[in-house]
Amino acid sequence: MKNKYFLIAIAAAGMLSLNSCGDFLDRDPDSILTQEIVYSDPGLVKSVLANFYGRVTYGQRIDAVDDFTMLDEAIHYDGNDAETIDRNKWRPYEYELIRNINQFLDGLKTASGVEDVDRKQYEGEARYIRAWVYFCMARTLGGMPIVGDNVFDYTSGMDITTIQVPRSSEAATYDYIIKECQEVSSLMSKETNKNSGRANYWVAKMLEARAAITAGSLATYNTPAEHPLLRTSGQEVGIPADRAKDYFKTALKAAKEVINDSPYSLKITSDTDLSAKADNFFKAVCDKNGNTEVIWCRDYISPGQTHGFTKDCLPASIGQDTGSDRLSALLNIVEAFEKVNAAEDERGKACQYEVGTLESPKFFDSPLDLFADRDPRLSATIILPNGEFDGKQILLQAGVLLKENGNWIEKTARRNETDTINGKPILITANNGPFGGDDREINRTGFYIRKYLDKTPAAGTIGRGSEMWNVYFRISEAYLIAAEAAWEISRNNSDVEALKYINAVRDRAGIKPLTTIDHQKIMHEYQVEFAFEGHRWWDLKRWMEAHKLWTGNANDRSACRLGLWPYKVVAEGDANDGKWMFMEKDMQKLNLWRRPLKCTDTQYYSEIDNDWFNKNPKLVKNPYQ
């Protein structure tokens with residue numbers, strides 16, 4: 001029995017992904033309409049599809065600012081006792097949406113108001129969204145029940161077990177996603193669309209590549225030897241190692257097709273200046289005008305369909321409304337960007353900054369001098385001390401460095417506080433901070449997130465909000481998937497194909513090419529290329545690397561949340577007067593984020609909720625629950 005009615009609840013979030021078609025925004029929400037009415041009106045058919053797009057923003061998202069603190073790359077200004085990642089934080093279980101999509105597909109077959117060419121496109125998009133839903137469930141939960149095109153309805157007195165579907169194996173779930181992407185790609189256009197808000201042939205190919213590289217990684221790195229309890233007897237969790245190479249071949253083929261044949265390309269600038277390279281990268285991610293890199297995104301549009309990321313994350317000195325400084329980027333991610341002219345054995349590796357100590361400080365004419373030789377993607381991703389955003393300098397000053405009796409002394413104060421030193425009023429701590437204590441809406445680490453900040457006038461206000469998109473796929477991911485897959489297949493650290501693809505991304509960034517490649521260098525490139533774009537946790541999970549970094553041990557640098565505070569030297573008569581120095585700060589010791597980050601095997605897979613299990617006893621619970 002099929003439902004006779006659709007509930008068309010097209011909220012703003014549901015419409016914006018398809019804003020290239022104006023009539024998508026003209027539908028009345030919350031209307032109960034018969035299938036006959038829906039399928040006789042092309043505009044309503046598109047509105048249903050638009051609603052599906054609006055319901056699939058999973059994981060870290062630009063309209064949920066605190067989600068960025070789930071990783072090792074940012075904190076908010078409030079104190080926090082969090083230690084472990086919430087294993088259920090980003091856990092979707094979207095069978096209601098899958099059922100709605102299946103209803104839509106069923107009705108689409110005989111829709112009188114839809115031309116055949118549009119029918120194929122809409123079918124492709126709907127099935128793609130369904131595949132995306134399965135992928136987002138699989139990456140958190142493992143193998144999931146696959147219901148195909150079925151629309152199950154319960155009738156009083158029927159045998160309920162006939163509509164209870166058991167979990168498929170993890171491998172079978174990824175196989176289904178990959179197969180769906182391969183099939184639906186041929187139904188959809190190969191042309192781009194406005195702001196890349198709709199799925200097309202190339203979006204399906206990107207999901208095929210990402211699903212395959214994920215499955216191949218899990219087959220390779222979630223091994224019985226390393227993680228003996230991280231599997232189930234029916235392989236709902238745990239992919240056989242002998243499947244890995246085929247997955248990597250699938251990923252490589254799909255990624256190469258996107259690279260070689262799609263209308264998307266890396267945004268290259270011939271300008272060799274590092275600041276120009278940084279601006280080029282920022283535009284590759286954040287500028288909608290003429291963008292060649294973004295393949296699929298969750299788009300936003302004003303009025304009415306905006307978010308508050310810019311309002312929440314602008315530095316206080318340029319804040320446009322109440323509530324700013326919410327996020328501070330950590331030194332951990334800042335150090336990940338390698339030196340531009342790194343020696344071969346230093347390339348693709350994090351590098352600590354040499355700042356000296358209070359007893360033996362190192363001085364700089366400008367705070368930016370410390371970062372001058374780093375990968376240009378750093379200043380495109382992070383607002384550095386005394387850096388700029390939208391043409392405005394962002395002063396970050398934790399305090400001043402005084403010299404008393406031949407010893408250097410640090411002095412801090414509340415934001416904007418001055419003191420008279422040598423008869424002159426001197427700013428001690430900047431309006432932006434960084435600062436510890438109990439102040440709110442102030443920077444904690446000495447770094448802001450620049451990526452995803454919107455320069456549009458009034459984008460940082462409550463009244464307008466930001467139109468900045470939430471990027472799902474960029475062409476650079478196809479390059480890195482191709483590099484990773486080629487290396488995984490050959491395990492040759494001189495693999496010519498793998499080096500070609502990873503070096504294309506590095507060349508666009510403005511840093512030296514690699515001459516050898518390995519797993520560590522591949523992981524590094526993903527980290528710096530996609531910082532704050534929602535990749536980090538999922539990459540570390542598929543590689544089974546998070547527990548190695550986030551040990552919960554305060555003696556492990558990678559587990560600590562670190563900052564780097566700049567101080568201005570105020571020492572009249574000293575050769576270093578007016579210069580700057582830095583001191584590393586541990587947020588735990590400042591009593592802000594009070595425990596080192598910790599991940600164990602428990603966090604790698606979410607729990608099967610008891611309510612789901614009670615409704616469907618054929619489900620199998622996940623490890624560690």
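Taking segment 84-138 only, how many residues are in contact with a Ser or Thr (Cβ under 6 Å, 6 or more places away or on another chain) and of a type in the set (A, V, I, L, M)?
Matching residues across segment 84-138 total 1.
Name every residue in segment 220-243 that is touching a Gly at 6+ places or on another chain (Cβ under 9 Å) and in contact (Cβ under 8 Å) with a residue 40 or more places away in the chain, in order of residue number.
222, 227, 230, 231, 232, 234, 235, 236, 237, 238, 239, 243
Is one or more of the residues making up segment 119-142 over 24 Å from the mean Cα position of the chain (by Cα) and surrounded by fewer than 18 Cβ atoms within 10 Å (Cβ to Cβ)?
Checked against the condition, which is being over 24 Å from the mean Cα position of the chain (by Cα) and surrounded by fewer than 18 Cβ atoms within 10 Å (Cβ to Cβ), segment 119-142 yields at least one hit.
Do we find that residue 210 is within 27 Å of residue 66 (Cβ to Cβ), buried (at least 24 other Cβ atoms within 10 Å of the Cβ), under 19 Å from the mean Cα position of the chain (by Cα) and modelled with pLDDT of 95 or more in this structure?
yes
Can we say residue 356 is at positive phi and out of contact with any Cys (no Cβ under 7 Å at 6 or more places or on another chain)?
Yes; evaluated as a whole, the condition is true for this residue.
Residues are listed down the side, and each one gets a yes or a no for (1) out of contact with any Gly (no Cβ under 7 Å at 6 or more places or on another chain); (2) under 30 Å from residue 568 (Cα atoms); (3) modelled with pLDDT of 95 or more:
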{"residue": "439", "(1), (2), (3)": "yes, yes, no"}
{"residue": "442", "(1), (2), (3)": "no, yes, yes"}
{"residue": "455", "(1), (2), (3)": "yes, yes, yes"}
{"residue": "464", "(1), (2), (3)": "yes, no, yes"}
{"residue": "483", "(1), (2), (3)": "yes, no, yes"}
{"residue": "494", "(1), (2), (3)": "yes, no, yes"}
{"residue": "508", "(1), (2), (3)": "yes, no, yes"}
{"residue": "524", "(1), (2), (3)": "no, no, yes"}
{"residue": "528", "(1), (2), (3)": "yes, yes, yes"}
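For segment 529-582, how many residues meet the condition of being among the basic types (Lys, Arg), farther than 23 Å from residue 473 by Cα and not in a loop (DSSP other than H, G, I, E, B)?
Residues that pass the stated criteria total 3.
Exactly one of these conditions fails for residue 266: (1) more than 28 Å from residue 566 (Cβ to Cβ); (2) of a type outside the set (S, T, N, Q); (3) in contact with a Pro (Cβ under 7 Å, 6 or more places away or on another chain). Give me its number.
So the condition that residue 266 fails would be (3).
Cβ-Cβ under 6 Å, sequence separation 6+ or interchain: first residue in segment 82-94 and at negative phi and in contact (Cβ under 8 Å) with a residue 24 or more places away in the chain, partner in a loop (DSSP other than H, G, I, E, B) and among the hydroxyl-bearing types (Ser, Thr, Tyr). Which pairs?
Here the result reads 87/606; 88/606; 91/606; 92/58, each pair linking segment 82-94 to a residue that is in a loop (DSSP other than H, G, I, E, B) and among the hydroxyl-bearing types (Ser, Thr, Tyr).
Kindly provide the set of residues from segment 248-259 that are more than 23 Å from the chain's Cα centre (by Cα) and touching a residue at least 40 places away in the same chain (Cβ under 8 Å), ordered by number.
Correct list: 249, 250, 257.
What about residue 183, is it at pLDDT 95 or above, acidic (Asp, Glu), surrounded by fewer than 18 Cβ atoms within 10 Å (Cβ to Cβ) and assigned to a helix (DSSP H, G or I)?
For residue 183, the condition - at pLDDT 95 or above, acidic (Asp, Glu), surrounded by fewer than 18 Cβ atoms within 10 Å (Cβ to Cβ) and assigned to a helix (DSSP H, G or I) - is met.
I'd like the full set of residues that are hydroxyl-bearing (Ser, Thr, Tyr), under 21 Å from residue 374 (Cα atoms) and surrounded by 12 or more Cβ atoms within 10 Å (Cβ to Cβ), limited to segment 254-273.
Listed by number, the list holds a single entry, 269.
Considering only segment 369-472, give the strands (runs of 3 or more DSSP E) lying wholly within it that have at least 2 residues that are of a type in the set (D, E, K, R) and touching a strand residue (DSSP E or B) at 6+ places or on another chain (Cβ under 7 Å).
Those strands (runs of 3 or more DSSP E) span 407-412.
Quick one: in segment 162-174, which of the residues that are without any contact (Cβ under 8 Å) to a residue 40 or more places away in the chain and surrounded by fewer than 23 Cβ atoms within 10 Å (Cβ to Cβ) is farthest from residue 222 (Cα to Cα)?
162
Just give me the residues in segment 213-249 being within 30 Å of residue 126 (Cβ to Cβ) and crowded, with 21+ Cβ neighbours inside 10 Å, in sequence order.
213, 214, 215, 216, 217, 218, 219, 236, 237, 239, 247, 248 - these are the residues of segment 213-249 that are within 30 Å of residue 126 (Cβ to Cβ) and crowded, with 21+ Cβ neighbours inside 10 Å.
List the number of the failed condition for residue 415; all other conditions in (1) more than 31 Å from the chain's Cα centre (by Cα); (2) basic (Lys, Arg); (3) closer than 30 Å to residue 519 by Cβ hold.
So residue 415 meets the others, but not (3).
Report whether or not residue 279 is charged (D, E, K, R) and without any contact (Cβ under 8 Å) to a residue 60 or more places away in the chain.
Spelling it out, it is not the case that residue 279 is charged (D, E, K, R) and without any contact (Cβ under 8 Å) to a residue 60 or more places away in the chain.
Collect the residues in segment 318-369 that are buried (at least 21 other Cβ atoms within 10 Å of the Cβ) and over 24 Å from the mean Cα position of the chain (by Cα), keeping them in residue-number order.
367 - this is the single residue of segment 318-369 that is buried (at least 21 other Cβ atoms within 10 Å of the Cβ) and over 24 Å from the mean Cα position of the chain (by Cα).
Can you find even one residue in segment 289-309 that is of a type in the set (A, V, I, L, M), modelled with pLDDT of 95 or more and in a helix (DSSP H, G or I)?
no
Working carefully through the options 133, 56, find the one that is touching an Asp or Glu at 6+ places or on another chain (Cβ under 6 Å) and either under 27 Å from residue 625 (Cα atoms) or of a type in the set (Gly, Ala, Ser) (or both).
Testing whether each residue is touching an Asp or Glu at 6+ places or on another chain (Cβ under 6 Å) and either under 27 Å from residue 625 (Cα atoms) or of a type in the set (Gly, Ala, Ser) (or both) leaves just 133.
Go through the residues of segment 591-606 one by one and say whether even a single one is more than 25 Å from the chain's Cα centre (by Cα) and either among the hydrophobic types (A, V, I, L, M, F, W, C) or under 27 Å from residue 429 (Cβ atoms) (or both).
Yes, segment 591-606 contains at least one residue that is more than 25 Å from the chain's Cα centre (by Cα) and either among the hydrophobic types (A, V, I, L, M, F, W, C) or under 27 Å from residue 429 (Cβ atoms) (or both).
I'm told residue 68 meets every condition in (1) in contact with a helix residue (DSSP H, G or I) (Cβ under 8 Å, 6 or more places away or on another chain); (2) crowded, with 20+ Cβ neighbours inside 10 Å; (3) part of a helix (DSSP H, G or I); (4) of a type outside the set (Ser, Thr, Tyr) except one. Can you identify the failing condition by its number?
Single failed check for residue 68: (1).
Quick check on this structure: which one of 391, 463, 406 is more than 22 Å from residue 311 (Cα to Cα), loosely packed, with under 15 Cβ neighbours inside 10 Å, of a type in the set (Gly, Ala, Ser) and more than 23 Å from the chain's Cα centre (by Cα)?
It is 406.
Take the conditions among the hydrophobic types (A, V, I, L, M, F, W, C) and assigned to a helix (DSSP H, G or I) and apply them to residue 266. Does it pass?
No: the conditions fail for residue 266.
Being at pLDDT below 90 and surrounded by fewer than 20 Cβ atoms within 10 Å (Cβ to Cβ) is the filter here, so list the residues in segment 99-115 that pass it.
110, 112, 113
Given (1) under 24 Å from residue 371 (Cβ atoms); (2) free of Cβ contacts under 8 Å to residues at least 60 places away in the same chain, where does residue 432 come up short, assuming only one miss?
(2)
Determine if segment 530-545 includes at least one residue that is in contact (Cβ under 8 Å) with a residue 12 or more places away in the chain, surrounded by fewer than 18 Cβ atoms within 10 Å (Cβ to Cβ) and not hydrophobic (A, V, I, L, M, F, W, C).
Scanning segment 530-545, I find at least one residue that is in contact (Cβ under 8 Å) with a residue 12 or more places away in the chain, surrounded by fewer than 18 Cβ atoms within 10 Å (Cβ to Cβ) and not hydrophobic (A, V, I, L, M, F, W, C), so the answer is yes.
The values are calculated or read from the model by the stated rules, or taken from the named source; none is laboratory data. Values in this document were obtained by computation on a predicted structure and should not be read as measured data. So basically every Cβ, Gly included, is an ideal-geometry build from the backbone, and we count neighbours across all protein chains shown.
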